[in-house]
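Data first, discussion second: the structure below is written as structure tokens.
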């Protein structure tokens with residue numbers, strides 16, 4: 001495998017603790033046996049609701065599954081009097097990655113670029129990999145960002161994905177705009193990804209994986225997506 005392939009399941013506001021555990025028990029044993037935290041290769045991540053994080057992490061550790069855990073967000077603040085927020089310093093015991101700036105956060109919760117930058121800083125300071133979502137080339141990206149998900153709004157939950165060619169072009173432009181001289185910036189695609197179209201996206205030279213929403217909720221469909229990515 002010449003590049004990392006990230007496959008990130010974003011469950012959004014779905015699944016009870018029991019349903020989350022069942023998903024892990026179905027997916028975990030069938031993933032390729034490799035260390036997802038290594039510097040290259042296949043990296044499979046599941047991002048459940050906050051309430052499921054501990055149980056999902058425990059299930060993965062007990063089963064010794066090659067699966068990382070991510071959060072769907074984190075606080076722009078540290079520990080303290082910030083009611084309702086989940087600080088990175090607390091989350092780092094459970095997660096390896098955090099999704100930041102998703103279009104649903106920006107639209108439904110008025111999240112700004114400045115807030116995303118603060119969250120990005122909190123993640124890095126606590127050893128959590130920040131995955132910054134952008135809705136187009138014009139979306140600002142925090143300085144030093146190394147992992148970006150391009151998720152065009154028209155493709156989120158609509159069964160109307162962008163074309164692989166356009167997504168690849170956007171990824172190339174984002175690398176040219178934000179990538180360090182030595183390289184290292186990775187771009188993912190998100191938006192109506194499923195097992196039928198995923199390979200066409202990861203086959204694009206400048207795309208290093210996918211952020212999967214609705215299709216990740218079904219364990220069998222998610223496993224099909226993983227299999228398509230390693231063929």
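Quick rundown of the values:
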| read-out | value |
| --- | --- |
| Residue in the range 8-22 that is over 14 Å from the mean Cα position of the chain (by Cα), surrounded by 15 or more Cβ atoms within 10 Å (Cβ to Cβ) and in contact (Cβ under 8 Å) with a residue 60 or more places away in the chain present | yes |
| Every residue from the range 113-150 that is outside any helix (DSSP H, G or I) and more than 17 Å from the chain's Cα centre (by Cα) | 126, 137, 138, 139, 140, 143, 144 |
| Sole exception among (1) within 17 Å of residue 124 (Cα to Cα); (2) in a helix (DSSP H, G or I) for residue 76, by number | (2) |
| Residues satisfying the stated conditions in the range 177-186, i.e. touching a helix residue (DSSP H, G or I) at 6+ places or on another chain (Cβ under 7 Å) and touching a residue at least 60 places away in the same chain (Cβ under 8 Å) | none |
| Failed criterion for residue 110 (all others in (1) surrounded by fewer than 19 Cβ atoms within 10 Å (Cβ to Cβ); (2) in a helix (DSSP H, G or I) hold) | (2) |
| Filtered residues of the range 79-101 (kept if in a loop (DSSP other than H, G, I, E, B) and surrounded by 15 or more Cβ atoms within 10 Å (Cβ to Cβ)) | 85, 86, 87, 92, 94, 95, 96, 101 |
| Residues located in the range 187-223, provided they are in a strand (DSSP E or B), touching a residue at least 60 places away in the same chain (Cβ under 8 Å) and in contact with a helix residue (DSSP H, G or I) (Cβ under 9 Å, 6 or more places away or on another chain) | 188, 190, 209, 210, 212 |
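Each row is one residue, and each column tells you yes or no for (1) surrounded by fewer than 20 Cβ atoms within 10 Å (Cβ to Cβ); (2) within 27 Å of residue 117 (Cα to Cα); (3) over 15 Å from the mean Cα position of the chain (by Cα); (4) at pLDDT 95 or above.
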{"residue": "163", "(1), (2), (3), (4)": "yes, no, yes, yes"}
{"residue": "179", "(1), (2), (3), (4)": "yes, yes, yes, no"}
{"residue": "187", "(1), (2), (3), (4)": "no, yes, no, yes"}
{"residue": "208", "(1), (2), (3), (4)": "no, yes, no, yes"}
{"residue": "212", "(1), (2), (3), (4)": "no, yes, no, yes"}
{"residue": "217", "(1), (2), (3), (4)": "yes, no, no, yes"}
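The values are calculated or read from the model by the stated rules, or taken from the named source; none is laboratory data. Nothing here was measured: the structure is a model prediction, and the numbers come from that model. We place every Cβ from the backbone using ideal geometry, glycine too, and count neighbours over all the protein chains shown.
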